[in-house]
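The values are calculated or read from the model by the stated rules, or taken from the named source; none is laboratory data. Keep in mind the model is a prediction, meaning the values are calculated, not measured. So basically every Cβ, Gly included, is an ideal-geometry build from the backbone, and we count neighbours across all protein chains shown.
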Amino acid sequence: MNQRVGTDSSPLRFAACESASIPLFATFIGARRRAPPARTHRQIGSQLVGRRILAAMGGLDSSSMETDLDRPNIEEYLTTETIREVPKKLHLSDLLDISPTLTEAAGAIVDDSFTRCFKSNSPEPWNWNIYLFPLWCLGVVVRYGILFPASFSWLVSLSNLISCMFCRVGVLALGWIVFFAAFLPVHFLIRGHDKWRRKIERKLVEMMCSVFVASWTGVIKYHGPRPSRRPQQVFVANHTSMIDFIILEQMTAFAVIMQKHPGWVGFIQKTILESVGCIWFNRTESKDREVVATKIREHTQGVDNNPLLIFPEGTCVNNHYTVMFKKGAFELGCAVCPVAIKYNKIFVDAFWNSKKQSFTTHLAQLMTSWAVVCDVWYLEPQYIRPGEIPIEFAERVRDMISVRAGLKKVPWDGYLKYFRPSPKLTERKQQIFAESVLKRLEEK
Amino acid sequence: MGNASAMLTQYDIEEVQDHCNYLFSQQEIVALYSRFCQLDRTAKGFISSDEFLSIPEFSLNPLSQRLLKMVDGLNFKDFVAFLSAFSPQATTQQKIEFIFKVYDADGKGRVTFKDLLEVLRDLTGSFMSEEQREKVLGQVLEEAGYSRESTLYFEDFMKILSKAGLKMEVEVPVD
């Protein structure tokens, strides 16, 4: 039996985690259905086992069935009274009693910690009384009618142009014009002086991001020392929406790793973001991983490259939870600087539910709300400790970010949004059950 | 988000409560409704197999396929009735009834050796050979006074399982 799950008598040890009697099953995900703050030793134990298995299963590419997981010894979480190792003789009732499995399935149907990460809460209606409703109507008029008006009106006259300077789309349109007016000549004409060209392009991208942020009336508080440009460092942050990148880019020009998108976003990715050194990947291609890993490694070695920003969650999460970090960013052998981002939900819910809305709709939603308020914390650079493996390092950094931004941790791989869980996880459960049945059969 | 645009009226809640034999409180039914709407992403009125399988915790359960056959395409009322066996208020008999239904896939009211073998196969996968499974089942059946050829009915299940102390409860998160 695999080292990871325990040897010799441990199937029943884990089985005993779940309840005082000895069911034949070891349930991995834990009996409680919520993401709970206070847990008993048994539940921590079984959740830890679950995390170990899930962490070990990790990504779903064929190349990535990692077998190198060593977590801290799980036995320290199991108190002795929960470990009753007496295998009893097998009876018909034991085989017929499938209630633990059924309970797990029903619990997953009723509430599961994975779907919770991607739930965007509809805001509570606060305006349904005689006093607040007119105010809300006024707000709608201001937000949609004044803050967001169509940019075509600036064509009409200069005075309108000035009035639109105070309007968001106008600001955005103007920003794009200035940006392209400066970027295109610089990009195509200044061929010889690469260093200057890159400096100017960097500044332009930063400026454009500031314009974006201004167009949603972004109020962003940065805490901590500004990132510096050094080789051998990588920035990691939690991910809520594509605007995370814009918010961080405003302060420092990062090179980011992004999923290739279609449409106008893809166009911008190809033309502008390449100049800051961004790297693209495609989630649906399984061989893509190695290619990207090589590119990342090269980038971190280069002296003059922009600092690399990675979102190790791999997908957008709703800013209340963090899903498991992919270990790619943590096995590069360089410093990892965590960045925590937390949006204030009172003003707008910045979670981009990519299954529900396109990025354009999402941007429009941001631009028609009052403000985007968020906090960004730059945390202390971390190094991998001796004896620590990349997955543990990733979990440690995830801990730091979750604590700083007030997010709850969830032991799931973000890619489960797009793919089914690996059948190996089911096989693990089957293996435990089968082995304990056979063992009990031998008991006379 | 906010698929729960078709809000539940008090009448709806009471109807559902009646259908599930009052095993869930009204608040739990409201909570289950928002969960139902969350899972039913395209607002069809039922949850498809695909949508159930997108819950990773459900997907990796060995009995997920058997349960899917029971729960696929149910409307909300039947969905709540399905889950009512897991309510803390449900009696042991109701729980055993549920387990019987899982075994009795064709709904004929009887469970044969073949059915028992199928469920055991789901639970053990490739880690037990077919002979081992048949041997185990045969052995425990004989000890309990049955044989491979016997057919088990609901009364038999009641007899075998009512002493087992079934723990089959799920907490519905009510905010």
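Please go through (1) surrounded by fewer than 17 Cβ atoms within 10 Å (Cβ to Cβ); (2) in contact with a Pro (Cβ under 6 Å, 6 or more places away or on another chain) for A:F325 and return the number of the only condition it doesn't satisfy.
Among (1) surrounded by fewer than 17 Cβ atoms within 10 Å (Cβ to Cβ); (2) in contact with a Pro (Cβ under 6 Å, 6 or more places away or on another chain), the lone unmet condition for A:F325 is (1).
Please verify whether segment A:279-297 includes one or more residues that are surrounded by 18 or more Cβ atoms within 10 Å (Cβ to Cβ) and small (G, A, S).
No, segment A:279-297 has no match at all.
Restricting segment A:147-189 to residues that are in a helix (DSSP H, G or I) and hydroxyl-bearing (S, T, Y), which is modelled with the highest pLDDT?
A:S163
Please return the ranges of strands (runs of 3 or more DSSP E) entirely within segment A:312-387 where 3 or more residues are under 26 Å from A:P225 (Cβ atoms).
Answer list for segment A:312-387: A:335-343, A:372-378.
I'm trying to understand the selection: among the residues of segment A:413-426, which are buried (at least 17 other Cβ atoms within 10 Å of the Cβ) and assigned to a helix (DSSP H, G or I)?
A:G414, A:Y415, A:L416, A:K417, A:L425, A:T426
State all residues of segment B:78-94 that are within 12 Å of chain A (Cβ to nearest Cβ) and outside any helix (DSSP H, G or I); if no residue qualifies, say none.
B:S87, B:P88, B:A90
Please go through segment B:50-64 and give me each residue that is in a helix (DSSP H, G or I) and either small (G, A, S) or surrounded by fewer than 21 Cβ atoms within 10 Å (Cβ to Cβ) (or both), ordered by number.
Within segment B:50-64, B:D50, B:E51, B:F52, B:L53, B:S59, B:S64 meet the criteria.
Quick one: B:F157 ticks every box in (1) touching a strand residue (DSSP E or B) at 6+ places or on another chain (Cβ under 9 Å); (2) part of a helix (DSSP H, G or I); (3) free of Cβ contacts under 8 Å to residues at least 60 places away in the same chain except a single one, so which number is it?
With (1) touching a strand residue (DSSP E or B) at 6+ places or on another chain (Cβ under 9 Å); (2) part of a helix (DSSP H, G or I); (3) free of Cβ contacts under 8 Å to residues at least 60 places away in the same chain applied to B:F157, the lone miss is (3).
Per-residue answers, yes or no, for (1) of a type outside the set (S, T, N, Q); (2) closer than 20 Å to A:T252 by Cβ; (3) touching a Leu at 6+ places or on another chain (Cβ under 7 Å):
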{"residue": "A:L332", "(1), (2), (3)": "yes, yes, no"}
{"residue": "A:V336", "(1), (2), (3)": "yes, yes, no"}
{"residue": "A:V339", "(1), (2), (3)": "yes, yes, yes"}
{"residue": "A:H362", "(1), (2), (3)": "yes, no, no"}
{"residue": "A:T368", "(1), (2), (3)": "no, no, no"}
{"residue": "A:A371", "(1), (2), (3)": "yes, no, no"}
{"residue": "A:C374", "(1), (2), (3)": "yes, yes, no"}
{"residue": "A:L379", "(1), (2), (3)": "yes, yes, no"}
{"residue": "A:Q382", "(1), (2), (3)": "no, yes, no"}
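Can you tell me how many residues within segment B:120-134 are more than 8 Å from every other protein chain (Cβ to nearest Cβ) and either over 22 Å from A:S99 (Cβ atoms) or of a type in the set (G, A, S) (or both)?
Of the residues in that region, 4 qualify.
Checking A:V410 against (1) within 14 Å of chain B (Cβ to nearest Cβ); (2) touching a strand residue (DSSP E or B) at 6+ places or on another chain (Cβ under 9 Å); (3) in a loop (DSSP other than H, G, I, E, B), which test does it fail?
For A:V410, the exception is condition (3).
Filter segment A:77-93 down to residues that are facing chain B (nearest Cβ under 8 Å) and buried (at least 18 other Cβ atoms within 10 Å of the Cβ) and give me whichever is modelled with the lowest pLDDT.
Among them, the one singled out is A:L90.
Before we move on, is B:K114 facing chain A (nearest Cβ under 8 Å) and of a type in the set (D, E, K, R)?
no
Evaluate segment B:95-104: report whether one residue or more is in contact (Cβ under 8 Å) with a residue 24 or more places away in the chain, over 12 Å from the mean Cα position of the chain (by Cα) and facing chain A (nearest Cβ under 10 Å).
No, there is no match, as no residue in segment B:95-104 is in contact (Cβ under 8 Å) with a residue 24 or more places away in the chain, over 12 Å from the mean Cα position of the chain (by Cα) and facing chain A (nearest Cβ under 10 Å).
Spot the failing condition for B:Q132; the list is (1) within 16 Å of the chain's Cα centre (by Cα); (2) assigned to a helix (DSSP H, G or I); (3) modelled with pLDDT under 90, and only one is missed.
If we test B:Q132 against (1) within 16 Å of the chain's Cα centre (by Cα); (2) assigned to a helix (DSSP H, G or I); (3) modelled with pLDDT under 90, just (1) comes out false.
Are any residues in segment B:32-45 surrounded by 14 or more Cβ atoms within 10 Å (Cβ to Cβ), out of contact with any helix residue (DSSP H, G or I) (no Cβ under 8 Å at 6 or more places or on another chain) and either assigned to a loop (DSSP other than H, G, I, E, B) or among the hydrophobic types (A, V, I, L, M, F, W, C) (or both), and if so, which ones?
B:C37
Within segment B:14-31, can you find the residues that are among the acidic types (D, E), under 15 Å from B:V172 (Cα atoms) and surrounded by fewer than 20 Cβ atoms within 10 Å (Cβ to Cβ)?
Correct list: empty.
Taking the options A:T284, A:T271, A:T294, name whichever one is assigned by TED's automatic domain parsing to the domain that holds A:S354, modelled with pLDDT of 75 or more and β-branched (V, I, T).
When all the criteria are applied, what remains is A:T294.
Taking the residues in segment B:138-175 that are surrounded by 14 or more Cβ atoms within 10 Å (Cβ to Cβ) and of a type in the set (K, R) as candidates, determine which candidate is nearest to A:H91 (Cα to Cα).
Per the stated criteria, the residue is B:K159.
Taking the residues in segment A:325-373 that are over 21 Å from A:V142 (Cβ atoms) and aliphatic (A, V, I, L, M) as candidates, determine which candidate is nearest to the other protein chains (Cβ to nearest Cβ).
A:I341
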